[in-house]
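Just so it is clear, none of the values below were taken in a lab; they were calculated from the coordinates. Small disclaimer: the values here were computed from a predicted structure and weren't measured. As a convention, Cβ positions derive from the backbone with ideal geometry for all residues, glycine included, and neighbour counts pool all protein chains shown.
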Amino acid sequence: MLAQIRPAIVMIVLLTLLTGLAYPLAITAIAQLAFPDEANGSLVERKGVIVGSRLIGQNFAAAHYFHGRPSATSAPDPNDAGKTIDAPYNAANSAGSNLGPTSKKLVDRVNAAIEAEFAAGRIDVVAADAVTTSASGLDPHISPQFALAQVPAVAAARRLPEPRVRALVEAHIEQRFAGFIGEPRVNVLALNLALDELH
């Protein structure tokens, strides 16, 4: 019996050391050498202070900032641990809404988002990402259409000429990777930081 148990124990120890220790350490070392910025979270720093990450969206609520797409992330309710509350861009709880296209809750939420965008004067044409959440709830990008639709409201809130703000948006449009992967997009954090630098 010992002859059968010993090889099993040796294999468990070896595989644990290989896959649980050696492999993660090797991949971490390779990532730190080849892609140090990405491996450390693609953090954005201004004046010695970390203001965010290029990979995780933030909840910009002020009228003088460009807004990201809605976020469906949540957090535990401080008043009742068995329930959750909306917590936009909660990186500790990345998730989509998982609501199907026939869900009344989804339709009501999208309609409310459309009305809010029109009421705030941020858009005149509704881009899909202006009223729908991403799968992670943390998408840091918006479509150029959504960014350009927000130009009049942001320019008015900042008392800047619209052409100047529009040119800033156009300068921040990231094209498809390798010319065919993904869609053109605008990183909201990078755009808002550039907007702050205009003053």
- When the dipole is taken about the Cα centre of the chain, and only Lys, Arg (+1) and Asp, Glu (-1) are charged at their Cβ, what size is it in debye, to the nearest 20? 180
- Message: Just to be sure I understand: with springs between alpha-carbon atoms less than 10 Å apart, which residue in ALA91, ALA29, ALA113 has the highest mean-square fluctuation in the Gaussian network model of the chain?
- Response: ALA29
- Message: Quick check on the chain: helices-only [θ] at 222 nm, where DSSP H runs of length 4 and up contribute -39,500 (n - 2.57) each and the sum goes over total residues. Nearest 500, please.
- Response: -12500 deg cm²/dmol
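Return the FRET efficiency for the residue pair GLN175, LEU25: r is the Cβ-Cβ distance, R0 is 30 Å, and the value is rounded to the nearest 0.05. Don't skip to the answer; put the middle values down first.
Numbers: r = 36 Å, r/R0 = 1.20.
Once the sixth-power term is evaluated, E becomes 0.25.
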- Note on the structure: The alpha-carbon center of the stretch 15-74 and that of the stretch 153-178 are separated, in whole Å, by 25
- Compute the semi-axes of the equivalent ellipsoid of the stretch 102-199, taking the square root of 5 times each eigenvalue of the Cα gyration tensor, and list them largest first in whole Å. 24, 19, 11
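Based on DSSP loop calls and a cut-off of at most 12 other Cβ atoms within 10 Å, the longest stretch of the chain free of exposed trypsin sites (Lys or Arg not before Pro) is what? Could the numbers behind the result be given before it?
Numbers: sites that count: LYS47, ARG159, ARG176.
Longest site-free region, per DSSP loop and neighbour criteria: 48-158.
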